[in-house]
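Q: Below is a structure I'd like to ask you about.
The values are calculated or read from the model by the stated rules, or taken from the named source; none is laboratory data. Because the structure is a prediction, the values reported are computed rather than measured. Using ideal geometry, Cβ is built from the backbone for each residue, glycine included, and neighbour counts are taken over all protein chains shown.
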Amino acid sequence: MSSGENWKEWSNFGLAYLGDAIYELWCRQYALQRSQNASQVHQWVVELVRCQTQSKLASLWSGMLSEEELQVFQRGKNQKPQTRPKHATVEEYRMATGFECVIGYWHLEQRDRLNEMMDLPESRKLIEAHTAEI
């Protein structure tokens, strides 16, 4: 992949698919830094990648995104879901798609913004709340 790819040439699906992979990698690294117990790591990652958790992070970050990041988020959020979510509301699913698009955008723009946003105290508190009971 060449550096500086134009994210505008990517489809919403492509941005979300890439963002999903990048976010899951972040979640796996986060979990492995805290435990080497395979079952616990797996449960933490499953909880963190759920669209409900992604939707909550998206809501938390909405006031902190730049104008361009918000445009990317809205572009993903406004995409009609291809499938009906089984364990989430349509709104949670759409928020999660916007969230994943922003992460895909950050990756293509070669920004370390995901780590910056995940390191916010508010993000850490939400992540820790979702993994505390596991």
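Q: Of the numbered conditions (1) within 16 Å of Gly14 (Cα to Cα); (2) more than 14 Å from the chain's Cα centre (by Cα), Gly76 satisfies every one except a single condition; which is it?
A: Failing condition for Gly76: (2).
Q: Also, I was wondering about something else. In this structure, does Arg50 turn out to be of a type in the set (Lys, Arg) and without any contact (Cβ under 8 Å) to a residue 12 or more places away in the chain? Even if it seems obvious, please write down each step before you answer.
A: On the way: of a type in the set (Lys, Arg): yes; without any contact (Cβ under 8 Å) to a residue 12 or more places away in the chain: no.
The answer is no for Arg50.
Q: Looking at Leu60, Leu32 in this structure, which one is closer than 23 Å to Ile134 by Cα and either of a type in the set (Lys, Arg) or in contact with an Asp or Glu (Cβ under 6 Å, 6 or more places away or on another chain) (or both)?
A: Values: Leu32 fails: either of a type in the set (Lys, Arg) or in contact with an Asp or Glu (Cβ under 6 Å, 6 or more places away or on another chain) (or both).
Step by step, each of Leu60, Leu32 is checked, and only Leu60 is closer than 23 Å to Ile134 by Cα and either of a type in the set (Lys, Arg) or in contact with an Asp or Glu (Cβ under 6 Å, 6 or more places away or on another chain) (or both).
Q: State which residue is nearest to Ala38 (Cα to Cα) when the search covers only region 95-134 and only residues that are at pLDDT below 95 and assigned to a loop (DSSP other than H, G, I, E, B).
A: Step by step, filter region 95-134, then rank; the result is Ile134.
Q: Taking the condition of being without any contact (Cβ under 8 Å) to a residue 60 or more places away in the chain, out of contact with any helix residue (DSSP H, G or I) (no Cβ under 7 Å at 6 or more places or on another chain) and not hydroxyl-bearing (Ser, Thr, Tyr), how many residues in region 83-119 meet it?
A: Number of matching residues: 9.
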